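The values are calculated or read from the model by the stated rules, or taken from the named source; none is laboratory data. Because the structure is predicted, anything quoted here is derived from the model rather than measured. A quick note on method: Cβ atoms are made from the backbone with ideal geometry, for glycine too, and the neighbour counts reach across all protein chains shown. Only protein heavy atoms, including side chains, enter the accessible area calculation; ligands, DNA and RNA are left aside. Shrake-Rupley method; radii C 1.70, N 1.55, O 1.52, S 1.80 Å.
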Amino acid sequence: MSGAVISGASYILVHVPHIMMVAGTTQLLEKENPRSEYYKRAFSHIRKYEDAVAYAPNQAYIGNIYPDDLKNIKRPWYENLLSDAKRFGRYGEIMPEDEFFGLMAISDVFDLVILEKEFAERIREKLSKHPLINENDLKRLKAGQPREVIEKYIEEGAVELKSDGELVGCVRKAHDRDETLSSHVMIENISTKASAVLALKHLLKITGTAPEEIDYIIECSEEACGDMNQRGGGNFAKAIGEIAGCLNATGADMRGFCAGPTHALIAAAALVSCGIYKKVAVVAGGATAKLGMNGRDHVAKGMPLLEDVLGGFAILVSENDGINPVIRLDSIGKHTISAGASPQAVMQYVVYDPLDRIGLKATDVDKFAPELQNPEITEPAGAGDVPKANYKMIAAIGVKRGEIKREEMDSFIEKHGVPGFAPTQGHIPSGVPVIGHARDKILEGKMTRAMVIGKGSLFLARMTNLFDGISFIMEKNPGIKKDVDRIDLTSYVAEAFREFADYLEKRGKADAT
């Protein structure tokens, strides 16, 4: 059993239709093709902010509805928007793009995000009303520049920023010759940093934690920051903590493609359990490259561009308080180098091996949380319902092992699976979005345990053909058991010392007389 618990979780989305069109990989590639029909048509398929907020999977992500509630909402969800949707949720919010430009400027410490003068003042006013933006944040928001200055920067290669079709700023390159510090890379990295800052701020508020209480930050997105001599040198973690006010923290970045967050949470639990740190924040911002990733298929099928939001999350791992769900460090599942890349091998190593080790069956796990991509995004692109495919594999192995009857497979999937509801932001949907919901259900006594599964396509980097998978179980806290023998012995020794002291005092008085 672990000495670390999950004390809270936050989840944020940022609706960024303009950044999608200027920084999303699919859109950038299509823009280079003058014959691209997709790029011409894409602009008419952009969603309004209000529609992104009212989209049921997005409401599930920020905690306003439970993921299982999606089963009762008619699809397509983008045509059956929620009438009572809210910007702010139990775990975070869905921020509009204009405010996010302001947060990017606040998060920028090298004067790379330049806002137009009047727009900067409007956004300062809007952000001053945001419940998490404080005076120190607003001091970081510099006065804007005239439009002519911004246009000159754009001529020199800066990435333009537009809101409702109006030029409101730009992101400049950080070096004249270093491609690692180009304007394109800087808008990627500053977007990742700013969205992670927003998630961390929400986590601190949700958990009632002062920023100064955070000891360590692990950042686990899929981006890399550095320069031409160390392209992925880092450090997002400390950069995020600086803006969020975590002045007593240090930190580092951890990478593993989509499996990165699960690796990071296990590392955080280990650091807390062995007493090195008391409070570790695991954070990640969004990935601009994946915005509009499946846009060609969405537009071809007459759908809105659903991949128009950056995702972010933050999770607090703390010392065992006897209340919050524990991360069971004896339940770690790992896909070893020798395991092979077949789906069966991955699930055996990541799901069933750890269950066997701690004497549990698949049916003892209330919810499995693997890749939680929203199927409404992946199905039109031919990838199917990714979470359901994972549950089918878990169930099939369970049947082969004799733990589940063949006729019970569908009911097993229905009961133990979680519908996909997260944006296709790589590391964002990989198991982690369920943690906030599962924690609440466990604390309410409606759930005992959930398994978080991270899976990563390592071959994408062309360094190996290997796959990756890692998992852990979060479980109801059994409470802190007091060491009765130690307590009794301590009180006994203390009492003996008091009696001996009394004896010496009386002896001294007797000798004096």
Candidate aspartates and glutamates - alpha carbon under 13 Å from Lys481, same-chain residues fewer than 8 apart omitted: Asp321
Arg147 - accessible surface, heavy atoms, 1.4 Å probe, Å² rounded to 10: 100 Å²
Calculated [θ] (222 nm, deg cm²/dmol) that DSSP helices of n ≥ 4 give over the chain, each run adding -39,500 (n - 2.57): -11500 deg cm²/dmol
Flagged links, alpha-carbon separation over 27 Å, of Lys126/Lys205; Lys126/Lys193; Lys126/Lys279: Lys126/Lys279
Acute angle (nearest 10 degrees) that the helix 434-443 long axis makes with the longest principal axis of the chain, alpha-carbon atoms: 30 degrees
Helix axis angle, 484-512 relative to the chain longest principal axis, alpha carbon, degrees: 50 degrees
C-alpha center-to-center spacing [the range 80-149, the range 7-67] in angstrom: 18 Å
Calculated Rg/Rh (Cα atoms, Kirkwood Rh) (choose from (i) 0.97; (ii) 1.06; (iii) 1.03), label: (ii)
Solvent-accessible area of Lys415 with every protein chain in place, 1.4 Å probe, in Å² to the nearest 10: 140 Å²
Ranked packing of 58-69, 293-304, most packed first, by mean Cβ within 10 Å: 58-69, 293-304
Aspartates and glutamates whose Cα lies under 13 Å from that of Lys301, excluding same-chain neighbours fewer than 8 positions away: Glu376, Glu379
Members of Lys400/Lys455; Lys367/Lys441; Lys441/Lys476 lying beyond 19 Å, as alpha-carbon distances in this model show: Lys400/Lys455
Lys, Arg +1 and Asp, Glu -1 on Cβ, resulting dipole of the range 248-336 about Cα centre, debye, nearest 20: 140 debye
Amide H partners (placed H, <5 Å) of Ser331, local residues excluded: Ile473
Anchor Lys142: aspartates and glutamates whose Cα lies under 14 Å away (excluding residues fewer than 8 positions away in-chain): Asp108, Asp111, Glu116, Glu118, Glu121, Glu125
Exposure of Cys274 as accessible area (Å², to 10), given a probe of 1.4 Å and all protein chains: 90 Å²
Per residue accessible area in Å² of the chain, where ligands, DNA and RNA are left out and the probe is 1.4 Å: 45 Å²
Percent of beta bridges antiparallel (DSSP, the range 193-299, rounded to nearest 5): 10 percent
Tilt relative to the chain, helix 260-273 - C-alpha long axis, 0 to 90 degrees, to 10: 20 degrees
Length released on extending from Asp330 to Lys40, taking residue separation times 0.36 nm less the Cα-Cα span: 99.1 nm
By accessible area with a 1.4 Å probe, ligands and nucleic acids excluded, highest first: order of Glu151, Glu135, Glu116: Glu135, Glu151, Glu116
The range 124-243: equivalent-ellipsoid semi-axes (sqrt of 5 x gyration tensor eigenvalues, Cα, Å): 27, 22, 11
Within the range 355-472, percent of DSSP bridges classed antiparallel, to nearest 5: 60 percent
Portion, in percent, of the accessible area of the range 56-192 that falls on carbon or sulfur, probe 1.4 Å: 45 percent
